[in-house]
1. Does any residue of region 1-10 turn out to be surrounded by 10 or more Cβ atoms within 10 Å (Cβ to Cβ), modelled with pLDDT under 85 and under 26 Å from the mean Cα position of the chain (by Cα)?
2. With respect to Thr81, determine if the residue is modelled with pLDDT of 80 or more, more than 30 Å from Val33 (Cβ to Cβ), more than 31 Å from the chain's Cα centre (by Cα) and surrounded by fewer than 10 Cβ atoms within 10 Å (Cβ to Cβ).
3. Find the residue count for region 28-46, including only residues that are part of a helix (DSSP H, G or I), surrounded by 10 or more Cβ atoms within 10 Å (Cβ to Cβ) and modelled with pLDDT of 85 or more.
Amino acid sequence: MTSFLKLLQWVLKAAVFFTLFAFALNNQHEASVYFFFGTQWRSPMVLVVLTAFAIGVAVGVLGMVPRWWRHRQLARQAEKTNPPPLQTPPASETAEHLH
């Protein structure tokens, strides 16, 4: 079963790679991105799209950082006030000690 899952995972990764590769090959024409004050950036379309995607991911991650920190602090406080319960051995081990 695990080998099937590994094969499926590999096939999905290969499909994503070849899809992105085909996208890059089909979008090699030059594009212009116009900024403020008349500045512009001229680059292949695939670089423009991938750069916009990377900037979007970075902004999304940076937007989530305060919430992650807050949840981490709350988890630490909860751990200090309520320590985790003691580990109890499985029932099979306790039965062995009784005999």
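The values are calculated or read from the model by the stated rules, or taken from the named source; none is laboratory data. Here the structure is a predicted model, which means the values were calculated and not measured. Reconstructed Cβ throughout: ideal geometry from the backbone, glycine too, with neighbour counts over all protein chains shown.
1. First pass over region 1-10, keeping only residues surrounded by 10 or more Cβ atoms within 10 Å (Cβ to Cβ): 6-10.
If we keep only those that are modelled with pLDDT under 85 too, we end up with none.
No, region 1-10 contains no residue that is surrounded by 10 or more Cβ atoms within 10 Å (Cβ to Cβ), modelled with pLDDT under 85 and under 26 Å from the mean Cα position of the chain (by Cα).
2. Working: modelled with pLDDT of 80 or more: yes; more than 30 Å from Val33 (Cβ to Cβ): yes; more than 31 Å from the chain's Cα centre (by Cα): yes; surrounded by fewer than 10 Cβ atoms within 10 Å (Cβ to Cβ): yes.
Taking the combined requirement at face value, the residue satisfies it.
3. Going through region 28-46, the residues part of a helix (DSSP H, G or I) turn out to be 36-38, 45-46.
In the following step, the residues that additionally are surrounded by 10 or more Cβ atoms within 10 Å (Cβ to Cβ) were identified as 45-46.
Subsequent filtering for residues that are modelled with pLDDT of 85 or more retains 45.
Total satisfying the criteria: 1.
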